[in-house]
1. List, please: which pairs have Cβ atoms under 7 Å, are six or more places apart or on different chains, and start with a residue in the range 90-102 that is more than 13 Å from Arg76 (Cα to Cα) and end with one that is more than 8 Å from the ligand (Cβ to nearest atom) and in a loop (DSSP other than H, G, I, E, B)?
2. Got a sec? Which of Ala57, Ala70 is in contact with a Phe, Trp or Tyr (Cβ under 6 Å, 6 or more places away or on another chain), of a type in the set (Gly, Ala, Ser) and farther than 30 Å from Glu375 by Cβ?
3. Can you tell me which of Leu131, Leu183 is assigned to a helix (DSSP H, G or I) and hydrophobic (A, V, I, L, M, F, W, C)?
4. Only residues that are within 11 Å of His176 (Cβ to Cβ) and either surrounded by 24 or more Cβ atoms within 10 Å (Cβ to Cβ) or away from the ligand (no atom under 16 Å from the Cβ) (or both): list them for the range 121-145, please.
5. Being modelled with pLDDT of 95 or more, under 25 Å from the mean Cα position of the chain (by Cα), at positive phi and not assigned by the TED database to the domain that holds Leu242: is that true of Gly324 here?
6. If I filter the range 97-105 for residues that are out of contact with any Gly (no Cβ under 6 Å at 6 or more places or on another chain), modelled with pLDDT of 95 or more, surrounded by 14 or more Cβ atoms within 10 Å (Cβ to Cβ) and assigned by the TED database to the domain that holds Gly199, do I get at least one hit?
7. Arg162: farther than 16 Å from Leu191 by Cα and surrounded by fewer than 18 Cβ atoms within 10 Å (Cβ to Cβ), yes or no?
Amino acid sequence: MSPQTPPLSRRLDGLQSSAIRDLLKLTARPDIISLAGGLPDEQFMPRDAIARAAESALADRTRLQYTESAGWGPLREVLAVRESKQLGRAVPMQEVFVTHGSQQALSLLGDVLLDPGALVVVEDPAYVGALQVFRAAGARIVAVPLDAEGMRIDALEELLARGERPALVHTVANFHNPRGVTLSPARRRALAALAERYGFWVVEDDPYGELWFDRPSPQSVASYSPNVIRLSSASKVLAPTLRVGWMIAPDVVCRSVELLKQGADLCGSALTQQIAADLLADEDWLGAHLDKVRGIYSERATALVSAVRTRFGDRVVSTDAAGGMFTWVDFTDGTDTADLLPRAVEHGVAYVPGSAFAVSQSYRNSMRLCFTTSEAATLEEAVDRLARAAAAG
Ligand code: PMP
């Protein structure tokens, strides 16, 4: 008798590995300038400060222990103070929940807030990591387009007027991944008002809000309504390896997330949570660190966007990067970015085609370019290579 292979769960049906992950493997070659990855630059991650904080954390052996599922208490206190400033109200500690990066918060919220078949509204194009969560939760996903002011709230209103009732609306309100745009203050207010009127959750996914260039990000969407769950992260501000993210949510959501977190991983790392607490609490140090990172990313963003405009002229429309890590380029001459990619890789440059982020539109003429990990001159060389690849088509 031939051995029978046991089945996997039906939840996995239709799930695919992220196109970006697969692509990243391909572009690790040293001769390729990758604008694909979407990583912060490790050159500017505060290694020495992390080392000092780790040393001092390890002076206390209890940091080697398990910690609370909701996060190490002193970190939650530090975050409560920071987020109280963000939200313009006193955030109590029981509304602060620490997760293994903000990605885990998304994943746990997918389980806590969504029944199979629940309607989730996402932005089009969308953050792929959120799509993976919502697909795994068996949600029905409907997309709302973005424009220069972020999510088109009029399109969301139309959907609601048609009788659609979302359980959750996901938004990357600051420096959208992949689109680069920021939700305007008026739309933030309108989104929060709709959430209260129709009784849905908004997940404000905000890993990039601190990476503004010329002016601070607008007031958090969560400052307008308790129906908005705010996610943030130390990944872009300090370092992704800490795997420290956090959620600000009503107590009832935090307690439900806590039950699931116990099943997922018991708790996060007290060691990296103390490192994050030390660095996030030191306002002077953090201010100087962020100033430096903002200055460098801003210079790189300007170099990349102006190289794209110089090289491609009116064949493209690209977003002005006002912060974050990405610019989005739309080709107006019909260039198919998925077709162009293998030629671009041959010419030594990589990017992510728009189709990787597409939900209902195709974005075949678009691409996401990440400006954080290369110096200005390298970014210019990358755009030269891209132009040569496009010309060779
Ligand atoms: N949300 C968005 C929009 C992201 O772009 C990312 C990572 N690139 C995350 C969440 C997850 O980040 P982390 O888990 O490192 O906090």
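The values are calculated or read from the model by the stated rules, or taken from the named source; none is laboratory data. Not measured: the values here are computed from a predicted model. Cβ: placed from backbone, ideal geometry, glycine included. Neighbour counts: every protein chain shown.
1. Every condition considered, the pairs that remain are His100/Gly268.
2. Numbers: Ala57 fails: in contact with a Phe, Trp or Tyr (Cβ under 6 Å, 6 or more places away or on another chain).
After ruling out the rest, the residue left standing is Ala70.
3. On the way: Leu183 fails: assigned to a helix (DSSP H, G or I).
After ruling out the rest, the residue left standing is Leu131.
4. Answer for the range 121-145, where residues must be within 11 Å of His176 (Cβ to Cβ) and either surrounded by 24 or more Cβ atoms within 10 Å (Cβ to Cβ) or away from the ligand (no atom under 16 Å from the Cβ) (or both): Glu123, Pro125, Ala126.
5. yes
6. Going through the range 97-105, the residues out of contact with any Gly (no Cβ under 6 Å at 6 or more places or on another chain) turn out to be 97, 104.
Next, from what is left, pick out any that are modelled with pLDDT of 95 or more: 97, 104.
Checking which are surrounded by 14 or more Cβ atoms within 10 Å (Cβ to Cβ) leaves us with 97, 104.
Next cut, assigned by the TED database to the domain that holds Gly199 only: 97, 104.
Yes, the conditions are met somewhere in the range 97-105.
7. Numbers: farther than 16 Å from Leu191 by Cα: yes; surrounded by fewer than 18 Cβ atoms within 10 Å (Cβ to Cβ): yes.
In short, yes.
Results for (1) within 12 Å of the ligand (Cβ to nearest atom); (2) at pLDDT below 95; (3) surrounded by fewer than 17 Cβ atoms within 10 Å (Cβ to Cβ), shown as yes or no for each residue.
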site	(1), (2), (3)
Gly150	no, no, no
Glu158	no, no, yes
His170	yes, no, no
Asn177	yes, no, no
Ala193	no, no, yes
Tyr198	no, no, yes
